[in-house]
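Nothing in this text is a laboratory measurement; each read-out follows from the coordinates by a stated rule. None of the values given here were measured: they were computed from a predicted structure. Note that we place each Cβ from the backbone using ideal geometry, even for glycine, and neighbour counts take in every protein chain shown.
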Amino acid sequence: MEKNSIVQALALLGAPRKLTGEEWSGILHTLDVDGRELLAEKAREAASLSFGNRVYLRALIEISSFCRNGCRYCGLRCGNRLAVRYRLSKEHILECCRQAASAGFNTFVLQGGEDPMQSDEWLADVVFSIKERYPEKAVTLSVGERSHEGYALLRRAGADRYLLRHESADDAHYSFLHPGSMSLENRKRCLALLKSMGYQVGAGMMIGSPGQAKEHLVRDLEFLDSLQPQMIGIGPFIPAKGTPFGNEPHGSVEDTLLLISLLRLRFPRALIPATTALATLCGNGMERGILAGANVVMPNMTPCDVRDKYTIYDNKKSHGSESGQQLALISEKLERIGYRIDLSRGDYGQ
Ligand code: 5AD
């Protein structure tokens, strides 16, 4: 009987229509009980059909630790007196790109807090300069909520992709995680805008964030099902000192892996990273993420002198195999589990 319902859950994940909340809930319940092993195996098969044994690499450049928002979970929240702030200049960012390019990367991910000093115009100029130097390479932005005009300007400057996790698709839970100045409605509006402008879009959520229940994950899955993002970033919640959630327990590694597998089966061609948060919680997090169906790794290329200041959560890993300077180590670790790094742009659907 159990086996039967697992087979049913797997079949539903492949259904060419939107699933209802009840169906998602049933799938989560069934697979949570004892379908995990089989689920990971099927997810690996699905990833392998889409990508073979290739894992795409992206150079992550954390451009500012300043943020105007007060998200309760994030170490960079504006009210966090323990946060150490820095912002990279245009020259700094171009130098990071130069290093990433010479290491072989073909995608630069510019991520940062919502820093009012890094205006749309300033960032568009940076993107334009990167694309001028490296017209063949992809630029991904992950710099939060911006205006319609801002997103359009950045797209015209040459940005190819945009990561903006929705964080929670349940209104009440979203409000529990965020300050009153932010809303799920606006987050959704931003994601829809980005998509309509031709960006490859990434959404996602933390696993095990404070207050998160199964029914919230059901909302997240329904939302992703309707958004159809090209990229999906998920990782465990990890407490950050100096934040309202600083003493909350971290999210479960096993649950994160289960969600990666489930998303892989539902979105066979999506770009799904094995995130730094996962690697921070367990020594072989990168490998476990890949073996659960992830197909992207984002090594850190932030300048070493400020890298430790981008503390969205405690003990965030950014050296060793999380570092862009350690491609040989990353490659070796992946080879040991039967995968190889792919430094091409790795666009969606290619
Ligand atoms: N633990 C785990 N992930 C976090 N993020 C922010 N704060 C934390 C935390 N404490 C995630 C958010 C954000 C991404 C850049 O990092 O989901 O979108």
As straight-line cross-link partners of residue 42, the qualifying lysines (C-alpha separation under 17 Å, not fewer than 8 residues apart within one chain) are 3
Helix 214-227: inclination vs the chain longest Cα principal axis, degrees, rounded to 10, gives 70 degrees
Both in Å, the radius of gyration and Dmax of the C-alpha trace of segment 176-295 are 14.6, 40
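Among 62, 222, what is the fewest-to-most ranking by other Cβ atoms within 10 Å?
On the way: 62 25, 222 19.
Exposure proxy ranking, most exposed first: 222, 62.
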If 117, 231 are placed from fewest to most neighbouring beta carbons inside 10 Å, the sequence is 117, 231
Over all pairs of different Cα atoms in segment 3-342, the reciprocal of the mean inverse distance gives a Kirkwood radius in Å of 20.1 Å
For the chain, cysteines with no other Cys Cβ under 4.7 Å from their own Cβ are listed as 67, 78, 96, 97, 190, 282, 304
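Could you list 282, 190 so that the one with the fewest beta carbons within 10 Å of its beta carbon is first and the one with the most is last?
On the way: 282 16, 190 21.
With the fewest neighbours first, 282, 190 line up as 282, 190.
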Checked against a 30 Å limit on the C-alpha separation, the offending pairs among 214/309; 214/317; 195/241 are 214/309; 195/241
Computed for segment 108-241: size of charge dipole around the Cα centre, +1 on C-beta of each Lys and Arg, -1 on C-beta of each Asp and Glu, debye to nearest 20, value 260 debye
Between residue 171 and residue 20, the two model label points (7 Å from Cα along the beta-carbon direction) sit apart by a distance in nm of 2.2 nm
Measuring from its Cα centre, the chain shows a charge dipole (+1 at each Lys and Arg Cβ, -1 at each Asp and Glu Cβ) which, in debye to the nearest 20, is 580 debye
